[in-house]
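Take a look at the structure below.
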Amino acid sequence: MNSNGLHHRVAALMRERNWATMTKVQELALEPILKGRNTLIIAPTGFGKTEAAILPILSKMMDEGCKPVSLLYITPLKALINDITIRIDWWASKLGLLVNRKHGEVPQKEKNQRLKRVPHILVTTPEGLEIDLDWASRFRENYKNVKWVIVDEIHEIVGSKRGAQLFILLERLKEFSGTDFQRIGLSATVGNPKFVASTLFGSSTRQRSIVKIDEKKDFSLVVRKVDEGNNVWSDSAKAIEESIEPPTLIFTNSRFLTERLHEELERLGKSNIYVHHSSISRDSKATAEESLRAGKAQAVLCTKTLELGIDVGKIKKIVLYRPPPSVASFLQRLGRSGHCVGGIPKGEIICVQNFDCLEALAIYNLSRKGVVESPRNGSPLDVVSREILGMVLQYSSIDAERVYRVITSSFLYRKLKRSDFQRLLDYLAKNNLIQREGDELRLGKSFFRIWTFKKDRNFSWSRSFSEFFSLINNDDTFVLRYNDRPIGEIDAIYVYKHIRPGDLLRIGGKLWRVSKIHNGKLSIELVPAERGEGEIPVWKGEGVPKSHLLPMEIQSILSDFNNSLKSQVLDQKSREELSKLMEPYLTRGAPLPNSSIVYVEKIGNETVYSTLIDEKVANTLAHMLLYVATSKHSLNVYARASIYGFSISVTERDLLDELLNVKGNRLKRLILKAILRSPLFVSVQKEIQVSFGKIGKLDPREDSLVIREALRQTVMRYFSIKKTLSFIDKLRKGEIRIVHVEPSTPLGEAVLSHAPIRPWISGIQALLYDVLKGGAYTLSELSEVLSIPPKSLEVKLKQMRRADSKYRVTSFIDVDSRETRWCLIDELKTFASSDEFYTSFAPINGEETLIASLRPLHGSSTSEVIFKPNQILENPEDFTKKIPMDEIGELKIVDPVDPMVCNMSPRYYFVRRDVIPYLLLNASAYIQNMKYT
């Protein structure tokens, strides 16, 4: 044993690496780990956290001996596994210990090898552990030897579903192995270390330690404002070009921005600049990483995929295109440069909008104070459902009480009521995911129908079996391929809406032409394209909510505005823009924006309420206004939400004032109704329902468990009911003042720069029914009212013609405008006799002999009825008796003498017998109008 407590062989290896001393975090972590305590290590990037955990454990392995698998090293990012494996193997191999890696992209040969030579140390992901416990019946026996578990980058998954999954898996591992193994977490700076520790340590009875390095790394930062020219993309690219100091990482806040800026940099003639984000292929990402390591890349444009500690060599500078959404993200990104003890990170935030400068300064100030966001405390029920199924897979048959004990051993689920657990089991059994035989649980028949081994899946709702083990959201995506090699992926919904063969696509920083689209296989064949304007895909999930810490810090900046302008990180242009931003308030003697005042302003067709506000509160208020507007006024509305306020596209009345008049429980119910109508709720519902075995449309009574859980998760992610109720209460009491202003304020304009939120049109048929009541409208008129594309409406209206439709409609020709109008089928007779549409049902020649052709719903034979328009006008009921069928598949007018009549005749489909007289009058009026005028 060495003087510092490490085994002499480990100490010798330190000398071999010329490590004269340990870093501070390594020294502090040594004692608690050697003493067997569960330990959470918190330190900025580049302080040697990995070795702080690994060296004392290797020392204990030497002292105590070990059987494979003794150490499980879990990291949330597959891309980190290779780096970590190499890093650990340098030490372990010299101590006679075998290290293996396991993730989805490891070659099968290497996976098979671990059964022949079981590793002492296994590096994997949460999903890798899930697969082994659930399905790897031979290998998982080795997990009974586990004595240590390290969770790397724990700040990245705590508060997420993958984190909830992992922390239950650790409880499952403890129960399976019968060992209270030592747990060690490695984390960047987090806002609530005790919560992170409790979540990781779970039911372990070992003593606990939190090792935290409070010293803040110095860093060099410049906040730079882009010159405002005619083209924001070109101006941004020029600013980035000037900022690059090779090798540079350029972080953006979305995949779209990454691709768009790469295109602009190419136009400027910049080469050796790569793209790195989650929707490009593994090979493309590897090329970018290797180019950085080899010193070939000038820069890499990336999203958060390079936030974590993937080894890309020494990075000289970080450029952040627009401020990141949180302090944690800022520190993580900036820490990628100066990535060593004593290294000084160097960065630049490029601001596009003037309010970007405010956010950049706020993030800088918060990071200097050491204030970081706390992780979200969630206990998603779909994770419980998956883990129940995982345990049933593992044991084939398992007692329900045993499952409940394991689940509630996890800190996040310690308060899960037995009654709620039983209700969940009942629901899973009803959907046939599990079978219950007394207290024993077995797999139900639906499990392998949903998660199937078949490559050519028969049903669109079925999933690949491998997807069962992952809680990373798997929305339908098209794989982009060139010569059968994957290039990347884009959302299926984007393909259906926008992509066609022959189109140009830009992805991975390259231009491609779409050769073929295989809808069934969800794949697109590409070929390289030389030049042209390429479509850049827009991916779902691009909008990341901004930190709740920002509005209060911005308020602090504005409360001492003159001193804030002196901040050393602001360049001259940023200072000028911030002064301009506040000048209108100072000129008119108005208070600078703060959380105690709401400026109400009319800008264009929107009423804007500008203030400094938590984005979740703004989002809740925006959805409430949207709900009121769509319920009482119009469906053709939208809202906006940001940390600078919220807006609604209604100016003739003050909807916020209407909200203030809603009291008590009615207000809370209104919030819930607004959220239930939100596309965010629909998205969460779709995401989680498969975990409960529910496919297709949900029934509010039968599927209330899923709907309640989707609502709970939606609120937690995107809304804040409690804070919103408090905000409204303060408005009522006058604690927050409302001030009407004109012209508009700068932060009012800032609200308008955010994307509009439109109402989710669920149940389009019911909405069409409501709109059509008492009216006959064209597709374009309906589209304007409902803000739904005409093509989508036409598809729905055609479905609504059928006999089995609850809201049945029909159509007729407006003879004056020669447009098709839609109406409720029961109201057609009213329109036929109305003054408004008189000419559409009044033939010019009532004595002309015509022939009605009637094709039945089924079959191709047709019936013909000879008639004169006047016969119908005199007695439509009598004429109806001549019709041989109750339902007609197709109705039109034919004339064997004049074939032009047949060509001119409108065709009516799925027609009820009682309305045939009026449609024949409409067809006659239209044909005669065409012939005689």
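The values are calculated or read from the model by the stated rules, or taken from the named source; none is laboratory data. These numbers come from a predicted model, not from an experiment. Note: ideal-geometry Cβ built from the backbone for every residue, glycine included; neighbour counts use all protein chains shown.
Assorted remarks:
- Apart from one condition, R855 fits all of (1) in contact with a helix residue (DSSP H, G or I) (Cβ under 8 Å, 6 or more places away or on another chain); (2) buried (at least 17 other Cβ atoms within 10 Å of the Cβ); (3) more than 30 Å from S678 (Cβ to Cβ); (4) not small (G, A, S); the exception is (1).
- Any hit, the stretch 317-324, residues being surrounded by fewer than 24 Cβ atoms within 10 Å (Cβ to Cβ), at pLDDT below 90 and either assigned to a loop (DSSP other than H, G, I, E, B) or not hydrophobic (A, V, I, L, M, F, W, C) (or both): no
- G46 over 24 Å from A188 (Cα atoms) and of a type in the set (G, A, S): no
- Screening I350 against (1) at pLDDT 95 or above; (2) more than 19 Å from T189 (Cβ to Cβ); (3) in a helix (DSSP H, G or I) leaves a single unmet condition, (3).
- Tabulated pairs, the stretch 611-632, first assigned to a helix (DSSP H, G or I), second among the hydroxyl-bearing types (S, T, Y) and at pLDDT below 95, C-beta under 6 angstrom, 6+ apart or interchain: N619/Y718; H623/S678
- Residue match in the stretch 354-367 (condition: assigned by TED's automatic domain parsing to the domain that holds L308, in a helix (DSSP H, G or I) and closer than 22 Å to R717 by Cα): yes
- For the stretch 375-388, the count of residues that are acidic (D, E) and assigned to a helix (DSSP H, G or I) is at least one.
- Filter pass, I81 being on the phi < 0 side of the Ramachandran plot, part of a helix (DSSP H, G or I), under 28 Å from the mean Cα position of the chain (by Cα) and of a type outside the set (S, T, N, Q): yes
- Some residue of the stretch 207-229 being assigned to a helix (DSSP H, G or I) and either within 29 Å of Q165 (Cα to Cα) or basic (K, R) (or both): no
- Residue among S783, S805 that is buried (at least 17 other Cβ atoms within 10 Å of the Cβ), over 24 Å from the mean Cα position of the chain (by Cα), at pLDDT below 90 and small (G, A, S): S783
- Unique match (being surrounded by 16 or more Cβ atoms within 10 Å (Cβ to Cβ), out of contact with any Pro (no Cβ under 6 Å at 6 or more places or on another chain) and assigned to a helix (DSSP H, G or I)) among K270, K285: K285
- Residue check for L186: crowded, with 16+ Cβ neighbours inside 10 Å, within 18 Å of E307 (Cα to Cα) and hydrophobic (A, V, I, L, M, F, W, C): yes
- Applying the condition of being under 24 Å from I154 (Cβ atoms) and hydroxyl-bearing (S, T, Y) to the stretch 341-374 and asking which residue is surrounded by the most Cβ atoms within 10 Å (Cβ to Cβ) yields S367.
- Selected residue (criterion: farthest from S556 (Cα to Cα)) from residues of the stretch 577-601 that are surrounded by fewer than 17 Cβ atoms within 10 Å (Cβ to Cβ) and touching a strand residue (DSSP E or B) at 6+ places or on another chain (Cβ under 8 Å): A590
- V897 falls short on exactly one of the conditions (1) more than 15 Å from E848 (Cα to Cα); (2) surrounded by fewer than 16 Cβ atoms within 10 Å (Cβ to Cβ), and that condition is (1).
- When the stretch 900-924 is limited to residues that are surrounded by fewer than 16 Cβ atoms within 10 Å (Cβ to Cβ) and farther than 22 Å from L797 by Cα, the one that is modelled with the lowest pLDDT turns out to be C902.
- Evaluated against (1) surrounded by 18 or more Cβ atoms within 10 Å (Cβ to Cβ); (2) touching a Lys or Arg at 6+ places or on another chain (Cβ under 7 Å), F692 falls short on exactly one condition, (2).
- For V149, the conditions (1) assigned to a strand (DSSP E or B); (2) on the phi > 0 side of the Ramachandran plot all hold with the exception of (2).
- Residue, nearest to K445 (Cα to Cα), within the stretch 397-424, restricted to residues that are of a type outside the set (V, I, T) and touching a strand residue (DSSP E or B) at 6+ places or on another chain (Cβ under 7 Å): S397
- One residue from A776, A750 being among the small types (G, A, S), buried (at least 17 other Cβ atoms within 10 Å of the Cβ), at pLDDT 85 or above and farther than 21 Å from V650 by Cα: A776
- The set of residues in the stretch 440-493 being modelled with pLDDT of 90 or more and surrounded by fewer than 12 Cβ atoms within 10 Å (Cβ to Cβ) consists of K445 alone.
- Condition met for K24 (under 23 Å from V190 (Cα atoms), among the basic types (K, R) and at pLDDT 90 or above): yes
- Any hit, the stretch 568-575, residues being of a type in the set (D, E), outside any helix (DSSP H, G or I), surrounded by fewer than 23 Cβ atoms within 10 Å (Cβ to Cβ) and outside the structural domain of K225 (by TED's automatic domain parsing): yes
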